[in-house]
Amino acid sequence: MRSLLLVGAALIAAPVLAQEARPTVNLKAPVKTFGRVSFDGRSLMIDGKRTPIWAAEFHPYRLPSPDLWRDVLQKLKASGFNTVTFYFDWGYHSPKQGELDFTGIRDMERAITMAGEEGLYVITRVGPYVNAELARGGFPGWLNNQRARARTDDPEYLKAADEWLAAIDGIVARHQINDGKGPVILHQIENELSQTSPAHRRYMDHLYAVTRSHGITVPIFHNDPGRNGNWAPDGSPVPGVVHGPVDMYAFDGYPGGTCTAQGKIARGNGAPDWGYYGIGGAKGGASASPDTPGFMAEIGGGWFDYWGSDGIYACNAGQTGPGYGRLFYGTNFVNGIGLQSIYMGYGGTSWGWLPAPVVFTSYDYGAAIAEDRSLREKALALKPIGGTLAALPEIAAMVPADKLTPSSDAIRLYHNRSPETDARLILAAHQPGHLTQDTSFTFAADLPDGHYQMPQIRLNGYDAKWIVAGANVAEQRLVYTTSQIQTARDGLLLLIGRSAEAGRTVLRYASKPAVKAPDGVAVSWDASRGDLTLDYTHGALSTVEISGGGRPALTLLLGDDAAGGACWDADGVLACGPALLRHARAKGGILALTGDTVAASPLRVWSKQTRITWNGAPVAMKPAAGGSLEAIAPIPGPAPIALPALNNWRMAEGTPEATPTFDDSAWQAIDHRADASQSQKPAGQPTLTMDPYGFHEGDVWYRAHFVGSADAGRLSLTYGAGGAGMVQVFLDGRLIGQQDLPAAMPRPITTGNITVPMPDAARVAGDHVLSVMVRNNGHNWDLTAMDEHKEGRGLIAASLEPLTGPAFAVPLNWRIQGRAGGEDFADRMRGTPNNGGQYGERMGWHLPAFDDHAWRATGTTLPQGAAGTNWYRTHVMLNVPRGQDATIGLAFGDTARPRSAAQYRVLIFVNGWNMGQFIAHVGPQRVFPIPEGILNHHGANTIALAVTSDGAPANAPENVRLVTMQNRRGGLEVAPIAAPASLAPTH
Ligand code: GAL
């Protein structure tokens with residue numbers, strides 16, 4: 001199921017690098033310097049210091065509540081990342097050519113600034129094309145009317161792209177590390193451009209040149225789909241690569257194996273060697289560019305989900321869980337890929353009309369941070385990776401060392417060393433890599449501090465062990481440890497491992513140190529070597545105190561994954577107990593800790609300050625083991641949230657366009673205007689597709705009058721509607737045809753044909769009206785750079801004809817209506833994704849201030865209405881306890897099942913914001929989180945649902961309720977998002 005659409009590399013023929021052409025480790029690459037950022041063949045350097053880039057992707061536009069961006073950024077930082085990667089979505093900012101909007105939820109400068117404030121570096125990826133499962137891959141709707149081939153050097157396209165790049169690059173430029181002001185360290189142009197013709201090379205040349213002219217001074221890279229060697233820096237000596245105007249080569253990969261559409265793990269894959277250990281002993285994927293360090297601009301940390309699946313996010317999260325992380329990210333590091341960005345760190349929500357046809361509203365992705373912003377178990381397992389990298393940044397620049405031989409054939413050992421410090425990273429993985437068995441093994445190694453025989457090490461399941469040796473950490477000499485470093489700082493070392501597994505740590509001293517160790521930690525001293533050996537079993541946190549021996553004192557904390565998961569590092573302070581530590585800021589003799597609890601929690605802190613506050617409240621502490629302080633009483637957890645039932649519903653019919661008397665005189669007349677659609681219209685037919693009329697998002701209506709005649713036998717329509725889109729056809733107010741595009745995974749069906757037999761009424765002389773509604777569930781992405789996004793949407797062809805032809809026998813003069821105002825829509829605050837052309841949207845029925853008191857009151861139920869679209873509104877007061885961070889969602893029907901027997905679909909508006917689409921019979925998403933800021937947690941809210949069906953009683957909407965998706969005590973203050981409460985209606 002890893003599809004043709006997904007990993008572009010699988011689809012696109014590209015030169016496969018000849019194996020023998022792969023160079024070996026390149027220690028001689030010259031250092032290239034771009035201000036404070038530089039690199040050689042082995043690693044990135046910041047201010048000359050070798051720095052692993054351990055990044056996670058986050059799309060601020062998938063969380064339309066800017067105060068919560070900081071929550072996600074703090075959680076990424078707390079999970080051990082040092083960098084966040086942002087894609088930017090051109091279409092999100094550009095409703096119309098010549099207009100770019102960076103206000104409110106679109107304030108990307110704020111996102112970059114926040115990341116810097118939270119201590120993260122930033123990688124910016126500005127496109128113009130980004131893919132990212134966005135409608136049009138991030139292109140604006142109006143670009144669909146441009147005949148110039150996108151992603152080439154056609155001047156018309158370049159002019160459009162330059163408008164965007166000047167604006168976004170201008171923002172990024174102000175926040176580069178090079179002026180000493182900002183966090184931006186690397187900058188991507190284009191994304192997965194797999195066409196490599198001269199026109200595409202000239203396009204890339206243009207992008208590079210304008211990017212520099214916009215003041216971007218950090219290294220520029222491109223993201224190669226897969227491992228093809230496309231757009232390796234000019235000068236790369238590797239035969240077969242396609243050279244490009246970039247400073248660094250980067251590539252992506254989603255190697256983790258698959259979940260089926262039923263959400264079952266099929267089989268995991270082993271982690272590939274895309275670097276030093278690749279075929280030929282050289283840099284596999286990274287081999288395209290031996291003079292630049294291994295760089296994965298995306299490494300799969302989950303996957304997206306499709307209309308019509310059974311819901312695979314939980315499976316994706318498991319498949320890319322804790323063991324996967326240690327195995328795959330670890331294998332990348334030992335392969336010399338010292339820059340890695342996990343896609344996604346937080347996926348979020350493709351709200352409104354953001355999603356491409358391949359995805360539905362939730363972009364949870366099975367990421368480390370779930371869509372409701374809670375931390376998954378695997379986020380806790382990422383902390384030790386970040387901790388190990390922080391303790392031993394030279395990991396980013398290590399090279400293969402002597403081959404080690406394990407005692408078991410089922411084990412593979414990677415052995416790397418730092419040419420500068422000789423420190424080692426030994427990664428133990430299963431062989432073959434997909435094995436999930438429980439293997440015990442040992443090996444002997446010549447390490448910097450001598451020859452050592454390892455104890456029995458256990459590798460249980462889909463996992464890897466990160467064994468560090470010969471390193472100076474926490475002011476100690478670490479001979480080796482079979483546990484993993486989570487935190488190392490002066491005087492403090494936290495090592496973790498799988499629960500109930502044995503661990504050994506060996507430290508070197510000039511003379512025998514004093515050791516205070518609890519039962520269960522066996523301590524031995526080898527005077528001849530000066531080795532202090534600790535043997536233990538990983539479990540609840542235990543504290544060992546070591547002093548003397550010619551070194552500063554050490555508190556050594558040993559624990560299992562759960563113990564490590566409860567410990568957090570922030571601002572140089574370690575705290576264990578709560579569910580999250582955001583910051584630890586010392587001021588005026590007080591250490592102010594901020595963070596979250598999910599239940600009443602212990603709190604243990606290692607800090608010089610003795611006066612502690614937790615989220616502003618003083619906490620009485622007492623001294624505890626290992627120089628720590630412990631809260632005398634637990635710090636409080638959250639109070640439960642009482643959510644009101646949704647009642648007082650009111651309803652109104654929302655399909656007046658279907659009725660013969662509807663006045664469409666203000667609608668645009670369909671004509672023969674030129675368009676840029678990739679969908680051929682039949683010769684002589686007018687231009688029906690929606691884009692040329694300025695309608696790009698959501699629903700679109702067509703109406704045509706005709707004179708009844710014997711020729712009116714059937715109506716044949718070709719339409720474009722995106723993934724799981726639909727069409728409804730009415731004659732004189734009556735639904736006569738409806739079609740859903742079938743859900744098909746992984747490549748959605750995006751266009752359809754429907755032939756509707758005309759009822760006898762159509763053959764009765766006189767005026768008749770056809771009304772057609774097309775739900776456009778997104779334009780295609782343009783993965784292949786062949787203008788895929790320009791596939792037609794709305795009607796493509798329409799013919800009213802006799803049952804036996806000829807086509808177009810009955811002339812139809814169509815009119816079209818979509819989003820009110822087209823590209824000049826009024827609700828600029830909610831912006832491009834929010835609205836399509838439903839009648840209720842044009843009338844402002846989705847908006848909070850609309851007066852619905854004249855609507856029919858239906859109490860607690862949503863009764864079925866007439867065929868077409870019916871609107872239901874209710875108002876609800878919320879009172880989430882102050883100081884709590886909850887995610888409240890709207891749930892539809894039986895959430896235990898991916899889909900219903902009832903066939904209907906719902907556009908979900910909360911306080912005027914389009915928070916997604918529920919399609920009952922397609923699924924799988926039934927719970928829709930509404931971020932705070934959009935949802936008022938402390939007052940009134942308006943919910944408006946636009947429910948579309950054929951009106952059959954069996955297809956009535958199911959029960960709708962509010963649910964608490966996560967609830968924590970802590971969190972951040974979230975300001976409400978300003979947006980209009982009402983707008984002038986548009987017929
Ligand atoms: C990559 C692409 C991303 C995203 C990802 C799948 O190939 O660069 O934009 O589409 O696949 O989620």
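The values are calculated or read from the model by the stated rules, or taken from the named source; none is laboratory data. Please read all numbers here as calculations on a predicted model, not as lab measurements. Counting neighbours? That spans all protein chains shown, and the Cβs are built from the backbone with ideal geometry, glycine included.
When the range 772-781 is limited to residues that are of a type in the set (S, T, N, Q) and touching a Pro at 6+ places or on another chain (Cβ under 9 Å), the one that is farthest from the ligand (Cβ to nearest atom) turns out to be Asn777. Among the residues of the range 325-336, is any in contact with a helix residue (DSSP H, G or I) (Cβ under 8 Å, 6 or more places away or on another chain) and of a type in the set (A, V, I, L, M)? No: zero hits.
Residues that are part of a loop (DSSP other than H, G, I, E, B) and within 39 Å of the chain's Cα centre (by Cα) within the range 598-631 comprise Val598, Ala599, Ala600, Pro602, Leu603, Ser607, Lys608, Gln609, Asn615, Gly616, listed in sequence order. All of Gly285, Gly294, Gly347 fail the test of being of a type outside the set (A, V, I, L, M) and under 21 Å from Lys378 (Cα atoms), apart from Gly347. If you go through the range 26-56 and keep only what is among the charged types (D, E, K, R) and not in a loop (DSSP other than H, G, I, E, B), you end up with Lys32, Lys49, Arg50. Among the residues of the range 920-973, just one is touching a helix residue (DSSP H, G or I) at 6+ places or on another chain (Cβ under 9 Å), surrounded by fewer than 20 Cβ atoms within 10 Å (Cβ to Cβ) and aliphatic (A, V, I, L, M), namely Leu972. Is it the case that some residue within the range 66-84 is within 16 Å of the ligand (Cβ to nearest atom), surrounded by 24 or more Cβ atoms within 10 Å (Cβ to Cβ) and farther than 26 Å from Met248 by Cα? No, that holds for no residue.
Within the range 635-671, restricting attention to residues that are assigned to a loop (DSSP other than H, G, I, E, B) and touching a Ser or Thr at 6+ places or on another chain (Cβ under 6 Å), the residue that is farthest from Met786 (Cα to Cα) is Gly637.
Table: residues versus (1) of a type in the set (Lys, Arg); (2) part of a loop (DSSP other than H, G, I, E, B).
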| site | (1), (2) |
| --- | --- |
| Tyr92 | no, no |
| Phe102 | no, yes |
| Met114 | no, no |
| Val122 | no, no |
| Pro128 | no, yes |
| Arg136 | yes, no |
| Asn144 | no, no |
| Ala148 | no, yes |
| Tyr157 | no, no |
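You will find that of Thr784, Thr750, the residue that is in contact (Cβ under 8 Å) with a residue 40 or more places away in the chain, within 16 Å of the ligand (Cβ to nearest atom) and of a type in the set (Val, Ile, Thr) is Thr784 and no other.
Restricting the first member to the range 698-725 and to residues that are at positive phi and assigned by TED's automatic domain parsing to the domain that holds Val810, and the second to residues that are crowded, with 24+ Cβ neighbours inside 10 Å and in a strand (DSSP E or B), the beta-carbon pairs closer than 7 Å and six or more apart or on different chains are Gly698/Asn776; Gly722/Asn776; Gly722/Asn777; Ala724/Asn777; Ala724/Ile919.
Only one entry of Ile337, Ile299 meets the criterion of being within 16 Å of the ligand (Cβ to nearest atom) and of a type in the set (Val, Ile, Thr), and that entry is Ile299. Among the residues of the range 868-906, those that are closer than 26 Å to Gln838 by Cα and in contact with a helix residue (DSSP H, G or I) (Cβ under 8 Å, 6 or more places away or on another chain) comprise Gly868, Thr869, Trp871, Ala901, Ala902, Gln903, Tyr904.
Here the strands (runs of 3 or more DSSP E) wholly within the range 336-455 that include at least 1 residues being in contact (Cβ under 8 Å) with a residue 12 or more places away in the chain and of a type in the set (Val, Ile, Thr) are 339-346, 411-417, 424-430, 438-441. Taking the numbered list (1) within 28 Å of Ala575 (Cβ to Cβ); (2) assigned to a strand (DSSP E or B); (3) among the small types (Gly, Ala, Ser) in turn, Ser499 passes all entries but (2).
Checking Tyr208, Tyr157 one by one, the residue that is away from the ligand (no atom under 16 Å from the Cβ), free of Cβ contacts under 8 Å to residues at least 40 places away in the same chain, touching a Pro at 6+ places or on another chain (Cβ under 8 Å) and not assigned by TED's automatic domain parsing to the domain that holds Gly792 is Tyr208 and no other.
So is Ala271 surrounded by 20 or more Cβ atoms within 10 Å (Cβ to Cβ), part of a loop (DSSP other than H, G, I, E, B) and not hydroxyl-bearing (Ser, Thr, Tyr) or not? Answer is yes for this residue. Based on this model, can you work out whether Leu382 counts as crowded, with 21+ Cβ neighbours inside 10 Å, within 28 Å of Lys28 (Cα to Cα) and not assigned by TED's automatic domain parsing to the domain that holds Asp364? So Leu382 does not fit the description; no.
Residues checked against (1) assigned by TED's automatic domain parsing to the domain that holds Asp885; (2) out of contact with any Ser or Thr (no Cβ under 6 Å at 6 or more places or on another chain):
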position	(1), (2)
Pro931	yes, no
Ile943	yes, no
Thr948	yes, no
Gly951	yes, yes
Pro957	yes, yes
Val963	yes, yes
Ala975	no, yes
Ala984	no, yes
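Among the residues of the range 7-28, none qualifies, meaning not one is at pLDDT 95 or above and either β-branched (Val, Ile, Thr) or under 20 Å from Arg227 (Cα atoms) (or both). Within the range 136-152, can one find any residue that is under 21 Å from Pro225 (Cβ atoms), away from the ligand (no atom under 16 Å from the Cβ) and not basic (Lys, Arg)? Checked against the condition, which is being under 21 Å from Pro225 (Cβ atoms), away from the ligand (no atom under 16 Å from the Cβ) and not basic (Lys, Arg), the range 136-152 yields at least one hit. Whether any residue in the range 35-52 is at pLDDT 95 or above, out of contact with any helix residue (DSSP H, G or I) (no Cβ under 7 Å at 6 or more places or on another chain) and within 16 Å of the ligand (Cβ to nearest atom) is what I want to check. Taking every residue of the range 35-52 in turn, none turns out to be at pLDDT 95 or above, out of contact with any helix residue (DSSP H, G or I) (no Cβ under 7 Å at 6 or more places or on another chain) and within 16 Å of the ligand (Cβ to nearest atom).
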